[in-house]
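Quick note: the coordinates plus some simple rules give every number you see, no bench work behind them. As the structure is a computational prediction, the values presented were derived from the model and not from experiment. When we count neighbours, we look across all protein chains shown, and the Cβ atoms used for this are built from the backbone with ideal geometry, even at glycine.
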Amino acid sequence: MPESLKLVLHVAQVDKWEGAISNAANFLKTAAPGEHLEIRIVANSDAVLACAPCSPKLLELLEMLTKHGVEIFLCENSLKKHGIPADSLPPILKTVPAGIRTLVDLQNEGWRYVRP
């Protein structure tokens, strides 16, 4: 069975998206033959403001990552705090009830945590 490496990137500030996207892209480039890489990005706090609406550049980069299997989740609590309706988000973005709980659950499942 191929080895699987699981990375969760935590984005909590608007200005950290670029670093998270760069980390994800660079991690994908490291895949060795037979290796399966999984990446999830979890955004909470003020970072959700960058996604409502997403700039064309940010949306293009996020779409590129999702084409490589990266999943992107935004915290519903943070969206509510900032008055952002979940149905206004681009369809490539998913939501989770609480970003902090998702981060803890993923780490308990063996995902490696990085906060750019």
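Can you name every residue in the range 19-56 that is among the charged types (D, E, K, R) and within 22 Å of Thr95 (Cβ to Cβ)?
So in the range 19-56, the residues among the charged types (D, E, K, R) come out as 29, 35, 38, 40, 46.
Within the range 19-56, Glu38, Arg40, Asp46 meet the criteria.
Residues that are crowded, with 19+ Cβ neighbours inside 10 Å, out of contact with any Cys (no Cβ under 7 Å at 6 or more places or on another chain) and more than 18 Å from Lys29 (Cα to Cα) are absent from the range 52-71 altogether.
Beta carbons closer than 7 Å, at least 6 apart along the sequence or on distinct chains, pair a first residue in the range 1-30 that is within 15 Å of Asp46 (Cβ to Cβ) with a second that is in a helix (DSSP H, G or I) and charged (D, E, K, R) for Gln13/Asp46; Val14/Asp46.
So is Arg101 in contact with a strand residue (DSSP E or B) (Cβ under 7 Å, 6 or more places away or on another chain), within 15 Å of Val8 (Cβ to Cβ) and of a type in the set (Lys, Arg) or not? It is false that Arg101 is in contact with a strand residue (DSSP E or B) (Cβ under 7 Å, 6 or more places away or on another chain), within 15 Å of Val8 (Cβ to Cβ) and of a type in the set (Lys, Arg).
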